[in-house]
């Protein structure tokens, strides 16, 4: 059995995950990176994407994050996310509506957000949709 380590994923409003993990893949600002027990200490900025982890029992889980930071220290990975949701908590239809609103704004059809905000919203909505689809 693979050695596991502590995983915490925390959003400003709540603790999303407190679990033991065998492996984690997270969306670093420069690309996805993996973490296993014994990983060297590291801090990384995160971009919107999916945190995928294998729990101590070998079950795969998906968490959508909208950015933040990851800190690896000793036998612990802590993710401080701007926002985070388990895949099972995500309403795909609602995310598709957010995605469409952001795309309209990017095309100039809706002045509710500027192009930078629209691009960030598209990235967040796509990550949430992908996370929800992986667990369905």
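Listing for the model above:
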{"quantity": "Entirely in region 47-119, the strands (runs of 3 or more DSSP E) that have 2 or more residues that are more than 19 Å from residue 134 (Cα to Cα)", "calculated": "60-73, 76-81"}
{"quantity": "Checklist (1) exposed (fewer than 14 other Cβ atoms within 10 Å of the Cβ); (2) under 14 Å from residue 126 (Cα atoms) applied to residue 63, failing item", "calculated": "(1)"}
{"quantity": "Matching option when the condition is free of Cβ contacts under 8 Å to residues at least 40 places away in the same chain and within 14 Å of the chain's Cα centre (by Cα), among 32, 53", "calculated": "32"}
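No lab work stands behind these numbers, since they all come straight from the coordinates. Because the structure is a prediction, the values reported are computed rather than measured. Every residue, glycine as well, gets a Cβ built from its backbone with ideal geometry; the counts of neighbours run over all protein chains shown.
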